[in-house]
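Student: Quick one: the structure is below, and I'll ask about it shortly.
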Amino acid sequence: MQEIFTGSFTQQEPISDEGIAAALAVLRHGRLHRYNLAPGETGEAALLEQEFAALSGARYCLAVASGGYAMATALRAMGVGAGDRVLSNAFTLAPVPGAIASLGAVPVFVGVTEGLTIDLEDLAEKITTSGARVLLLSHMRGHICDMGALMALCDKAGLRVVEDCAHTMGATWEGRPTGRFGAMGCFSTQTYKHANSGEGGLLISDDAELMARAVLLSGSYMLYDRHIAAPPPEAFAAVKYDTPNISGRMDNLRAAILRPQLAGLAERVAGWNARYRRIETGLRATPGLTLIDRPGQEGFVGSSFQMLLRDWPADKIEQVVARCRARGVELKWFGAPEPAGFTSTYRHWRYAGAGELPATDRVMAGLLDMRLPLTFSLADCDVIARILRAEIGAAFQSEGGAGADV
Ligand SMILES: *Cc1c(COP(=O)(O)O)cnc(C)c1O
């Protein structure tokens, strides 16, 4: 009997009773808009900002409508405008180049290494050839590059960094939380990320001017004194006449759902990592399969799992994906010719006029990706690893090595 996995790769944990109670309290009083407060009240959105600032060690925090909105707002606060070129990862998800394009700016893609992080050599070259002043760095699928080397390179060139931490809430590099290296850090609280309010985003920074601009941009209606994790009034006085209101606020209902989740983040991170390591252990020494090394400095969050079928022919990879799917294991393939679901590559974002990145194409051609929701048990992870191991092994052997370097 072939083993079949029956769990859902898109089923996150339910909202806790505490989150539901907090949401009901907001619904009962009816003040959902973040600036709609009873006398003396501090709203849920403001409290969420204060708590996330404390959790990440940032001076300031702003809650917004989505991760994509947070990124666009960070770029806008830095003065990125129409026609500007902005560096970003070739390996990321569509909302990242989308945030750049939303300002009329143009993404310039930097390649990816086999470790799935930004290629610092290619970055150095693109810094000189692109004329960009900002890098929107995506910690895609939770893989964190050598942040010391990256910041040294960017600081030396006078390039400002915005971090996309959609997959790294709770993650660190050398003990420092992601989002705390660049001038601004952007997080998503969309259902598939590390905290779930359906939609939502968080922006952090230590820079008073950037954050004052971001608060005004997000649609503060000059009520910025109702924030408790925002810069002092002087910072607003300096920029309030030339910063447009581009509404994208967080509301008190979603903030109420999120606050208990922040409190439980460390525990969920441990849960994801236990599942990640279980899958990794189950896949070790699978013929034809390359696992991704995780450097010791990286305090990652294993909410998804990536692996390489390096230099395999496309039809063999398609066969593995199809056979795993038939046994209930859902893989995304970054080498697919057409964008599908949440998976697309720099070649599909044609509005950016992508250059050629052959080394990146080679990595993406063999890259498989799998979600690891916390609704999976460790025993589920063992089943998944056994199915992957069997199907990858069988496909590899059926072609005497599947063209991989043996
Ligand atoms: C999900 C995601 C975002 C932002 O997501 P929203 O859906 O706009 O909240 C940003 N970057 C990456 C890599 C993502 O996966």
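The values are calculated or read from the model by the stated rules, or taken from the named source; none is laboratory data. Keep in mind the model is a prediction, meaning the values are calculated, not measured. When we count neighbours, we look across all protein chains shown, and the Cβ atoms used for this are built from the backbone with ideal geometry, even at glycine.
Student: Any chance you could count how many residues in the range 106-125 are buried (at least 22 other Cβ atoms within 10 Å of the Cβ) and either out of contact with any helix residue (DSSP H, G or I) (no Cβ under 9 Å at 6 or more places or on another chain) or without any contact (Cβ under 8 Å) to a residue 60 or more places away in the chain (or both)?
Tutor: 4
Let's see how each residue does on (1) modelled with pLDDT of 95 or more; (2) surrounded by fewer than 17 Cβ atoms within 10 Å (Cβ to Cβ); (3) touching a Cys at 6+ places or on another chain (Cβ under 7 Å); (4) not β-branched (Val, Ile, Thr):
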| residue | (1), (2), (3), (4) |
| --- | --- |
| LYS316 | yes, no, no, yes |
| CYS324 | yes, no, no, yes |
| TRP349 | no, no, no, yes |
| VAL383 | yes, no, no, no |
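Student: Still on this structure: Can you confirm whether ARG180 is more than 15 Å from the ligand (Cβ to nearest atom) and out of contact with any Gly (no Cβ under 7 Å at 6 or more places or on another chain)?
Tutor: No.
Student: Would a scan of the range 280-303 turn up a residue that is assigned to a helix (DSSP H, G or I), modelled with pLDDT under 95 and charged (D, E, K, R)? Please lay out each step first, then the result.
Tutor: Going residue by residue through the range 280-303, those that are assigned to a helix (DSSP H, G or I) are 280-283.
Subset that is modelled with pLDDT under 95: none.
No.
Student: Looking at (1) out of contact with any His (no Cβ under 9 Å at 6 or more places or on another chain); (2) within 28 Å of HIS194 (Cβ to Cβ); (3) of a type outside the set (Lys, Arg), find the lone condition where GLU298 falls short.
Tutor: (1)
Student: In this structure, is GLU338 modelled with pLDDT of 95 or more and either surrounded by fewer than 20 Cβ atoms within 10 Å (Cβ to Cβ) or on the phi > 0 side of the Ramachandran plot (or both)?
Tutor: For GLU338, the condition - modelled with pLDDT of 95 or more and either surrounded by fewer than 20 Cβ atoms within 10 Å (Cβ to Cβ) or on the phi > 0 side of the Ramachandran plot (or both) - is not met.
Student: Among the numbered criteria (1) over 20 Å from the mean Cα position of the chain (by Cα); (2) in the same structural domain as ALA90 (by TED's automatic domain parsing), which one does ARG310 miss?
Tutor: (2)
Student: Among the candidates ILE204, ILE144, single out the residue that is closer than 25 Å to GLY111 by Cα, of a type in the set (Val, Ile, Thr) and within 16 Å of the ligand (Cβ to nearest atom).
Tutor: Numbers: ILE204 fails: closer than 25 Å to GLY111 by Cα.
After ruling out the rest, the residue left standing is ILE144.
Student: With respect to GLY198, is the statement that it is among the small types (Gly, Ala, Ser), within 16 Å of the ligand (Cβ to nearest atom) and on the phi > 0 side of the Ramachandran plot true?
Tutor: yes
Student: Which one is farthest from MET250 (Cα to Cα) among residues in the range 35-84 that are more than 16 Å from the ligand (Cβ to nearest atom) and of a type in the set (Ser, Thr, Tyr)?
Tutor: Selected residue: SER56.
Student: Taking the stated definitions as given, is GLY179 more than 30 Å from GLY40 (Cβ to Cβ), modelled with pLDDT of 95 or more and buried (at least 19 other Cβ atoms within 10 Å of the Cβ)?
Tutor: Taking the combined requirement at face value, the residue satisfies it.
Student: Considering every residue within the range 202-216, establish whether at least one is surrounded by fewer than 22 Cβ atoms within 10 Å (Cβ to Cβ), at pLDDT 95 or above and among the basic types (Lys, Arg). Write out each step before concluding.
Tutor: Quick first cut of the range 202-216, residues surrounded by fewer than 22 Cβ atoms within 10 Å (Cβ to Cβ) only: 206-209.
Subset that is at pLDDT 95 or above: 206-209.
Filter again for among the basic types (Lys, Arg), leaving none.
Checked the range 202-216: no residue is surrounded by fewer than 22 Cβ atoms within 10 Å (Cβ to Cβ), at pLDDT 95 or above and among the basic types (Lys, Arg).
Student: Ok, one more. Within the range 57-97, track down each residue that is in a helix (DSSP H, G or I) and of a type in the set (Gly, Ala, Ser). Break it down into steps so the answer makes sense when it comes.
Tutor: Pass one, the range 57-97, residues in a helix (DSSP H, G or I): 67-77, 95-97.
Passing the criteria: GLY67, GLY68, ALA70, ALA72, ALA74, ALA77.
Student: Now, a different point. Scan the range 85-99 and tell me whether some residue there is surrounded by 14 or more Cβ atoms within 10 Å (Cβ to Cβ) and away from the ligand (no atom under 16 Å from the Cβ). Steps first, please.
Tutor: Going residue by residue through the range 85-99, those that are surrounded by 14 or more Cβ atoms within 10 Å (Cβ to Cβ) are 85-99.
Then drop every residue that is not away from the ligand (no atom under 16 Å from the Cβ), which leaves 85.
Yes, that holds for at least one residue.
Student: Which residues, taken from the range 100-141, are closer than 16 Å to TYR346 by Cα, within 16 Å of the ligand (Cβ to nearest atom) and polar (S, T, N, Q)?
Tutor: Passing the criteria: THR117, SER138.
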